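The values are calculated or read from the model by the stated rules, or taken from the named source; none is laboratory data. The structure presented is a predicted model; accordingly, all values stated were derived computationally and were not measured. Note: ideal-geometry Cβ built from the backbone for every residue, glycine included; neighbour counts use all protein chains shown. Areas reflect the complete protein model, heavy atoms only, side chains present, ligands, DNA and RNA absent. Shrake-Rupley method; radii C 1.70, N 1.55, O 1.52, S 1.80 Å.
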Amino acid sequence: MVVLQRFTSFHQFNKHKLSSIQFFTCSVKPRKHHLSFKISCDYNQKLVLEFDPKIPIEEAITPPSSWYTDSCFYTHELNQVFFKGWQAVGYTEQIKEPRQYFTGRLGNVEYVVCRDDGGKIHAFHNVCRHHASLLASGSGKSSCFVCPYHGWTYGLDGALLKATRITGIKNFKVNEMGLVPMRVAVWGPFILVNFENGVLPEQESDFDLVGNEWLGSSSQILADGGVDSSLSFLCRREYTIECNWKVFCDNYLDGGYHVPYAHKGLASGLTLDSYSTTIFEKVSIQRCETGSAEKDQDFDRLGSKALYAFVYPNFMINRYGPWMDTNLVLPQGPRKCLVIFDYFLDSSVKGDESFIAESLEDSETVQMEDIKLCEAVQRGLESPAYCSGRYAPQVEKAMHHFHSLLYQNLSD
C-alpha cells in the first residue's frame, strides 16, 4: 500500500486571483458523436419550435405532447435545462456539523455534498478517480471518503489521501487525481449546486451571487415572506410518480385552477377568489388568503395566508402558517419523476405532536390527490388524440412563463 501525502490544492483546478477573490475551474467535457449528435440536435430543435413563447397567452397553444413523452427530448432537457444554472439539492441542516455529507443524483450525474472540518461546504462528483465506483451513499458523517471498491481515500476537500497497491505506477500525479469539484452555494436554508463548468467566488460571496442568479428580484420578497433559516427541519417524504417531471410542475402552476375540483379539503381552507400570481425572472409566486373554515377550529394549519413560489426549473417553496415545505422534482426518465418533500416548522409548535400529525396527514391527502391527477395527465399525453392544449389566461400565467423559460433554454 502506498500512502500519498495530502495536498491542499489540485493541479486540475486553475487557481486565479481576481480582485482578491479565488476562483476554481474544472474541465468536465461531454462526449459527443458528431453525426448522431447533429441529427439529434435537428430533431430536438424541431420539437422545441412547435411551441412559440411570443404568442400572447390568450392565443397561445401549450407545448406539444412530445415534450412530455419523447426520450431524445428528455436527454436534451437534461443538458440544456438541468445541467445549466443553479439547482437546489438539499438544505443546510443536512450538513449542519463538520464531516456530515449527503449524496444525490440528477440525470447521470452523481454528486456528494459535505462540510469539512473547517466548516466549509464542498460538492464533488461522487465518482472515484480510479475505476469510477461511486464513493459515498445516502448521508452520514465521516472524516474522509473511502472507495468501497479498492480503498482509494479522499479528504473532505476532495484531495486524494491514499491510493492502495499502486507500486510501480508511472506518470502518476497525485494532485491531478482528486475528486472532481462542483460549484456549490447556500441561499437561506437551501444548498445549491451548479453543474456547469466555470468559476465561482469563495463562499462569503455566495449569498448575493445566488440571490441574483437563482432568484433574481424575487430574492428579497421570499426572504421577507418567511423563506429563511429560522424554521427547523422536521421530516422528508418521497414520491415516485409515473409522469414526466413537467406534468407535476404544470399542475403546481395552474393558479389554483384544479384546487376546487381535486382538493376539496384544501379548498375549504382557502379563499380561492384571492388567488394571485406574480411573475419574476425565473420565479413565479402565487398567493392566496385562507378561508375561515379552519380558523373556527382549534386546528389551523394554513394560518392567514399561503405563499407558493416556483423556482425554475423544478423547485417549489410553500410557506403557510408555521409551516414551510419544499418540493424538489427530479426527472427519472421521460415518463417518471421523483418528488422530494421536505417539511420545516416554526419552533413554537414543534412540540405539538397532534398538530404535526394532523398537518402531515392533510398534506399527504393532497399529495395523493395530485399524484392521481398527474399520472392521469401523463396517460392522456400518450394518447394519439392529444397534441397540444390551450391556457386559461387569467389563472395559468405561471405555467406559460415556465414553458417560455423552457423554450429559452432548449433553443439555446
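Values as computed for the structure displayed
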quantity: In the range 369-412, the residues that are open to solvent by 70 Å² or more (accessible area, probe 1.4 Å), assigned to a helix (DSSP H, G or I) and either in contact with a Gly (Cβ under 7 Å, 6 or more places away or on another chain) or among the charged types (D, E, K, R) (or both); calculated: Lys372, Arg379, Lys397
quantity: Test: residue in the range 326-339 that is of a type in the set (Gly, Ala, Ser), out of contact with any His (no Cβ under 8 Å at 6 or more places or on another chain), farther than 30 Å from Asn108 by Cβ and in contact (Cβ under 8 Å) with a residue 12 or more places away in the chain; calculated: no
quantity: Single residue of Ser359, Ser348 found to be more than 19 Å from Phe315 (Cα to Cα) and open to solvent by less than 20 Å² (accessible area, probe 1.4 Å); calculated: Ser359
quantity: Single condition Leu192 does not satisfy, out of (1) within 30 Å of Tyr312 (Cα to Cα); (2) in a loop (DSSP other than H, G, I, E, B); (3) at pLDDT 95 or above; calculated: (2)
quantity: Any chance Ile356 is part of a helix (DSSP H, G or I) and under 20 Å from His263 (Cβ atoms); calculated: no
quantity: Neighbours by Cβ (under 8 Å, 6+ apart or cross-chain): first from the range 195-224, within 16 Å of Tyr312 (Cα to Cα) and surrounded by 15 or more Cβ atoms within 10 Å (Cβ to Cβ); second at pLDDT below 55 and among the β-branched types (Val, Ile, Thr); calculated: none
